[in-house]
1. Dipole size in debye (nearest 20) for the protein assembly as shown around its Cα centre, Lys and Arg Cβ +1, Asp and Glu Cβ -1?
2. Averaged across the residues of A:137-149, what count of C-beta atoms belonging to other chains lies within 10 Å of each residue's C-beta?
3. Let me have the relative contact order for the range B:2-78, percent, based on Cα pairs under 8 Å that are six or more residues apart.
4. Please report the buried accessible area for the interface of A with B, total over both chains, probe 1.4 Å, in Å² to the nearest 100.
5. Whenever you get a sec, compute what percent of the accessible area on chain A sits on carbon and sulfur atoms (1.4 Å probe).
6. Can you give me the span-like helices of chain A, meaning DSSP H runs with 18 Å or more of Cα extent along the axis and Kyte-Doolittle mean at or above 0.5?
7. A:L109 versus A:T33, label points 7 Å from Cα toward the beta carbon: distance in nm?
8. Starting from the Cα-Cα distance between A:F17 and A:L117, subtract it from 0.36 nm times their residue separation and give me the gain in nm to one decimal.
Amino acid sequence: MSRRVRLIVMLIFAPAFAALLGWAVAGLEPFGTTVTAYATTVESVAPREQQISNIVASVVYDIRAFDSLGEEMILFASVSGVVLLLRERRGKRAHSASRSIEATDLVRLTALVWTVLAVAYGVFLAGNGHLSPGGGFQGGVATLAALVLFYLAAGTRRMQRFAPTTAVEALESAGALGFLAIGCGGVIAGSAFLFNWLPAGKFGSLDSAGVVPLISFAVGMEVAAGFALLLSEFAQQLEQ
Amino acid sequence: MIWLQTVLLLLIAAFGAGVVATHESRNQVLVLTAFGMLLSLEFFAAGAPDVALAEIVVGGVALPALIMLALARTEGRHR
């Protein structure tokens, strides 16, 4: 398509899109004022019945846990797809000498300190999602940040030793299966799939909110290991 | 707090346009990361710290790291 045709197409569709967008925005509720009935219901039910203080975690890992399970499976499938694709390509090409660049001492030291902090923060986020902002996904990606830092400091080969692919794969599957197993626990307890079957505990304590912290931790494992697998596959592509 | 969100939303619009207007890929990743950080600030200002945390780590670490790795790979092939 020539530049002229593209411009004409743009001139036709841009105003139409702007008009539709303007129409939609004009019909919205006023900014930041509306509290829906669903929000008030969840806010009153979640702390009382599940002893959970982070309402978002209650929605994500309990009330709408089935949606989160779907998201987990999407992530699992995408990571599997990328890994399959990259390994297929890697197999066809002969391995050549490594051309990774060694990091300077300053980068190494900084990355090492932050790696430790990032792992601690990631585990904290994944384990405290039901008490304070955070949760499995956030904790998982924060843990991944640690692995990115480690990779920057130490390079691909040492990262393979730090986080061996087989272990990472096992962790990812364990996370995904753990979510499913906790969900099946609800069925075994005599209720619905993903029913919160564990005792709710005391409000504000680490073992409160029933299955929410367990699911959160499983999600954290799956997310961290899934992204780690992506990172290591990408990094190995770079090595050849 | 409305002024804070107004400033943030204007900055987000500016940086969003900036991402599109940047043509050199490596610079584009940096602008994209800054855009992600602004988004997370806006999420925080809008009262969604959970989403803000996720955006900080995804937009600040995972996305630029993967794009940079992919760029390094493809640029190495052209040389």
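1. Around 1420 debye, computed over the protein assembly as shown.
2. Taking all residues of A:137-149 together, the mean is 5.
3. Relative contact order for the range B:2-78 comes out at 29 percent.
4. Summing both sides, the interface buries roughly 1800 Å².
5. It is 71 percent, rounded to a whole number.
6. A:3-26, A:105-127, A:136-162, A:165-188, A:212-239
7. Spacing of the two 7 Å Cα→Cβ label points: 5.7 nm.
8. Here the answer is 31.4 nm.
The values are calculated or read from the model by the stated rules, or taken from the named source; none is laboratory data. Just so we're clear, the structure is a prediction, and the values are computed from it rather than from any experiment. Note: ideal-geometry Cβ built from the backbone for every residue, glycine included; neighbour counts use all protein chains shown. Note: accessible area is taken over every heavy atom of the protein model, side chains too, but ligands, DNA and RNA are not part of it. Shrake-Rupley method; radii C 1.70, N 1.55, O 1.52, S 1.80 Å.
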